[in-house]
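Following: one structure in C-alpha cells, then a few remarks.
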Amino acid sequence: MAAERIVFLKLLPEKVEIAVKKNSVFAQALAGAGIRLQLPCGGAGICGKCKIKFVKGAPQPVIIEETLLTSQEVQKGVRLACMTRVSADAQVLVPDSLKLESFAVSARPQIKQTEFAPLVRKLHVKLPLDRLLNEKSDADLLKNHLEQEAGLPEVTIYHAVLSKIPSAIRQRQGEVTVTLFQTQVIDVEAGDTQSSNFALALDLGTTTVGLLLIDLWTGQTLDYAVFPNPQISFGADLISRIGYASQGAERLSALKQAIHEKLTEVIEQLCLQHQISPANIYLLMLAGNTVMTQIFWGITPRYVGLFPFKPTVSQALLQFFFNLFPGRLTLPAVFSFPLIGGFVGGDALAGMMAAPVRPGREKGPALLIDIGTNCEVILQKGTEALAASAPAGPALEGANISQGMRAVPGALIEIRRDGDRMRWQTIENEPPAGICGSGLFHIIHYLTEEKVITEDGLIDADHPRAFWRQRIQLAENNLAQILLVSTDEGALQDIFLTQQDVREFQLAIGAISSAWCLLCRQLQVEPAAIERIFVAGAFGNFIRPESLIHLGAIPAVSGERIKFIGNASLEGLRQTILNGQRFEELKSVSQSVQFVELASDPGFQDVFVEHLKLKKRTNPFNK
C-alpha cells in the first residue's frame, strides 16, 4: 500500500507548523493535531462563520465557499475551515475568535452564605478491633459501628470500597476516616483525613462550562474554572448537537468523550494547582439543559428534538464510582440535577435554588431569565411556578453574527457618535476586533435611539443625518450594513453590523420576550406586579439593564427590581453541595414546576411575531 501523502501547514500568527494528510478537511486536520475550532453549524457548511485566510498555498474554492463568501474574500485567500481541503503546503491565518481556547468567558457565581451541612462528609472513628472476634467480617465491624455508635441508619458499603477496609482498619489500630454520601460509604482511609474532602460543581452549558472546586471541610470555594464546551466543534447550538448525536452511537460517544476528556484535564489542573489528590474529590454535582445532561451520561438526545420533545429520563441521576476518564480519573459519586421538561433542564432548577424563585415563597411574583444559547424563563407566583425554554440561539453570545465574537479583550461593547467620528469601547480597551453579545445589545439599543434602526429592525438607509447615511452601505447581497468602527478609527478591521445581524438579534429577543409574555398570561401576572427580575448568565458582566428593557428582552420595570445574579446554576449547585437540606428539597421543587411548551400555545405565533419588534414591553395582555 502506498504511503499517505503529507503536507505541512504553518498556522499564523503563532507560526506553529503541523503535518497533515493531503486533501484532508482543514478543521478535521487541525482537530487531529489537537487544535479544535469553533464550527457554529457543526461543520455543515451553512453558516459561513469559520473563515480562515490562506496567506500562501490557497486551495481552489468549493461551490459552497463561492456561495457563502464574497468574490473579494475568495480572491484574498479566505476559505471556510469546515469545507476547504488542504492540497499543498500552506500558510494559514486562523483568527483567535475561531479557536476554542480563546473565548471562554462566563459569569462567576455570586457566592452567598449557606448553612454548612455538606452532602459528603467524613467521620473519624476508632473501631474496637477486639470486637472482630464477634463480627462476621471487617465490613460488618465497620457497618455496625457506624449504625450503633455513630447513629447512622442503614449504612451501605459499596463494592469498590471493600478492598480498602482490611488494611485501613489495621494500619492505625482501628483508627479510620469514613467518607459518606448520606449513609453510603464511598471511601475508607487509615488515620484522620477529615480535612481532605473536596467536591466539584459543574455548570454544563451549551457554549461555556463552569466548574467550582469546593472544600467540604471548610465550606470555602477554592477556585473557579471556565472553559468552552469542546462539543462546539460538532455544532454551536442544541439542534446541531442533537443532529450530530443522532447519526449513530459513535458520534454520540464522540460528543460524550469530548466533554469528559476536557473536564478530566481541567480537574487535574485544579488539583495540581491546589496540591490536592484527585482521590480526595468525592463528588461531582452537575446541572445542564436536557440535551447536555443526556449527552454527559451517554444517553441519546435524539427524541428531545422530536415532538413531543420529551427527555429519556427526567429524575436526578446518581452513579457511584463513575469512570470519567477510564484509567485516569474515577469519581466516587456523580450526581446530575433533575430535569424540568423539554429543553429546560437541571441548570434552570439550580438557578431556582440560587434565586428566590421557588413555589411557596411568601413574597410577590418573581421572574428568572437565564440568558444563553438555550434561554430558560421561570415565572413564580405564590405556590405556582411555570418554566419555558426560549431557543435564543448563539447570536447573543456572538455567533451567527457576521463579525461576532465572544466576550474577550477587543470585543466591541459600546459606540457613540462624536462629531464626524465614532467613539468606541471594548473589553479591556483593546482595538475593536468584533462584536460580543452584550455589545450587540448596547449597539442596537443606541442605533434605535438614533433611529438608524427602526422598531421593525430595518436599517434606515435614508437617515436624515449625513453622518449615518455615509456609514450605511449595501453589501453584496443588496442588504444594508452599518459601518460601526473603521480601521481609521482604531479597529483591527472595518466592523459592520449587517441587516442579517439585526434579524438574528430580533429572533433571539423575540424568543425570550414571547416566553415571559406567555408565562405572564398563563399565571395572570402583570409586569408591575413582578417584585424581582433575576437575570442570570454572563451578560451581568457587561450589560446595562436599560438596554434589556428598551429592546424588550425583559419587562419594563424600575431598575431596582432588576438583579443580575451571574452564574445562578453554579451557585445553586454550590448551595446544594454544602447543604444536605437543599439536596432533599430538589425533588419537591422540580415536581412543583410546570413545564410549558410554548409552541403548543395557540397564541404563540402571533406573540412571537409581535415581539420581534425592538421596543419596551409593559403589558403582556395587550402585546
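The values are calculated or read from the model by the stated rules, or taken from the named source; none is laboratory data. Being a predicted model, the structure only gives us computed values, none of them experimental. Counting neighbours? That spans all protein chains shown, and the Cβs are built from the backbone with ideal geometry, glycine included. Accessible surface is based on the protein model in full, side chains and every heavy atom, while ligands, DNA and RNA are left aside. Shrake-Rupley method; radii C 1.70, N 1.55, O 1.52, S 1.80 Å.
Summed over the range 485-502, residues that are open to solvent by less than 30 Å² (accessible area, probe 1.4 Å) and either in a helix (DSSP H, G or I) or β-branched (Val, Ile, Thr) (or both) total 7. Once the range 167-201 is narrowed to residues that are open to solvent by less than 10 Å² (accessible area, probe 1.4 Å) and of a type in the set (Ser, Thr, Tyr), the residue that is nearest to LEU331 (Cα to Cα) is THR179.
Annotation note: of LEU396, LEU379, the sole residue that is in contact with a Pro (Cβ under 9 Å, 6 or more places away or on another chain) and crowded, with 24+ Cβ neighbours inside 10 Å is LEU379. Residues in the range 455-479 that are on the phi > 0 side of the Ramachandran plot and either at pLDDT below 95 or open to solvent by 40 Å² or more (accessible area, probe 1.4 Å) (or both): 1 in all. The residues on offer are ARG469, ARG465, and the sole one that is over 30 Å from SER569 (Cβ atoms), in contact with a His (Cβ under 6 Å, 6 or more places away or on another chain) and outside the structural domain of LEU598 (by the TED database) is ARG469.
Residue-level check: of (1) touching a strand residue (DSSP E or B) at 6+ places or on another chain (Cβ under 9 Å); (2) in contact (Cβ under 8 Å) with a residue 40 or more places away in the chain, VAL557 misses just (2). Would you say ILE259 is more than 16 Å from the chain's Cα centre (by Cα), of a type in the set (Val, Ile, Thr), buried (at least 19 other Cβ atoms within 10 Å of the Cβ) and not assigned by the TED database to the domain that holds GLY566? Answer is no for this residue.
When LEU367, LEU318 are screened for being in contact (Cβ under 8 Å) with a residue 60 or more places away in the chain and outside any loop (DSSP other than H, G, I, E, B), only LEU367 passes. Just one of the numbered conditions (1) at pLDDT below 75; (2) touching a Ser or Thr at 6+ places or on another chain (Cβ under 8 Å); (3) hydrophobic (A, V, I, L, M, F, W, C) is not true of ALA107: (2).
The residue of the range 79-104 that is surrounded by the fewest Cβ atoms within 10 Å (Cβ to Cβ), among those that are at pLDDT below 65 and in a loop (DSSP other than H, G, I, E, B), is ALA104. Take ARG302 and tell me if it is open to solvent by 50 Å² or more (accessible area, probe 1.4 Å) and free of Cβ contacts under 8 Å to residues at least 24 places away in the same chain. No. For the structure I just gave you, tell me whether PRO332 is closer than 24 Å to ILE530 by Cβ and not in a helix (DSSP H, G or I). No.
Residue count for the range 234-247 satisfying the condition of being part of a helix (DSSP H, G or I), open to solvent by less than 20 Å² (accessible area, probe 1.4 Å) and closer than 19 Å to LYS262 by Cβ: 3. Of the listed requirements (1) in contact (Cβ under 8 Å) with a residue 40 or more places away in the chain; (2) touching a helix residue (DSSP H, G or I) at 6+ places or on another chain (Cβ under 7 Å); (3) outside any helix (DSSP H, G or I), LEU284 misses just one: (2).
Here is a yes/no grid of residues against (1) assigned to a strand (DSSP E or B); (2) buried (at least 21 other Cβ atoms within 10 Å of the Cβ):
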| residue | (1), (2) |
| --- | --- |
| ASP203 | yes, yes |
| LEU212 | yes, yes |
| THR218 | no, no |
| ASP223 | yes, no |
| VAL226 | yes, no |
| GLN231 | no, yes |
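The residue list SER163, SER137 contains one member that is of a type in the set (Gly, Ala, Ser) and under 25 Å from PHE322 (Cα atoms), which is SER163.
The numbered conditions (1) open to solvent by less than 10 Å² (accessible area, probe 1.4 Å); (2) within 23 Å of the chain's Cα centre (by Cα) are all true for ILE482 except (2). Just one of the numbered conditions (1) among the hydrophobic types (A, V, I, L, M, F, W, C); (2) open to solvent by 70 Å² or more (accessible area, probe 1.4 Å); (3) within 21 Å of ASP501 (Cβ to Cβ) is not true of VAL55: (3).
Here GLN173 passes the criteria (1) closer than 28 Å to LEU284 by Cβ; (2) out of contact with any strand residue (DSSP E or B) (no Cβ under 7 Å at 6 or more places or on another chain) except the one numbered (1). Among the residues of the range 8-24, not a single one is farther than 26 Å from ALA258 by Cβ, open to solvent by 30 Å² or more (accessible area, probe 1.4 Å) and in contact with a Gly (Cβ under 6 Å, 6 or more places away or on another chain). Inspect the range 111-126 for any residue being closer than 30 Å to LEU396 by Cα and either modelled with pLDDT under 90 or open to solvent by less than 30 Å² (accessible area, probe 1.4 Å) (or both) and give the result as yes or no. Within the range 111-126, one or more residues are closer than 30 Å to LEU396 by Cα and either modelled with pLDDT under 90 or open to solvent by less than 30 Å² (accessible area, probe 1.4 Å) (or both). Any residue that is within 20 Å of SER233 (Cα to Cα) and either open to solvent by less than 30 Å² (accessible area, probe 1.4 Å) or in contact (Cβ under 8 Å) with a residue 40 or more places away in the chain (or both) - is there at least one of those in the range 66-74? Among the residues of the range 66-74, not one is within 20 Å of SER233 (Cα to Cα) and either open to solvent by less than 30 Å² (accessible area, probe 1.4 Å) or in contact (Cβ under 8 Å) with a residue 40 or more places away in the chain (or both), which makes the answer no.
Within the range 597-623, the set of residues being closer than 25 Å to PRO311 by Cβ and either modelled with pLDDT under 85 or under 27 Å from the mean Cα position of the chain (by Cα) (or both) comprises GLU597, LEU598, ALA599, SER600, PHE604, PHE608. For the range 19-45, a residue qualifies if it is modelled with pLDDT under 80 and β-branched (Val, Ile, Thr), and exactly one does: ILE35.
The residue pairs whose first member lies in the range 407-427 and is within 14 Å of LEU447 (Cβ to Cβ), whose second member is of a type in the set (D, E, K, R) and in a strand (DSSP E or B), and whose beta carbons are closer than 6 Å, counting only pairs six or more residues apart or on different chains, are ARG416/ARG423. Residue by residue through the range 544-597, note down the ones that are open to solvent by less than 10 Å² (accessible area, probe 1.4 Å), among the aliphatic types (A, V, I, L, M) and in a helix (DSSP H, G or I). Scanning the range 544-597 gives LEU548, ALA568, LEU570, LEU573, ILE577, LEU578, LEU586.
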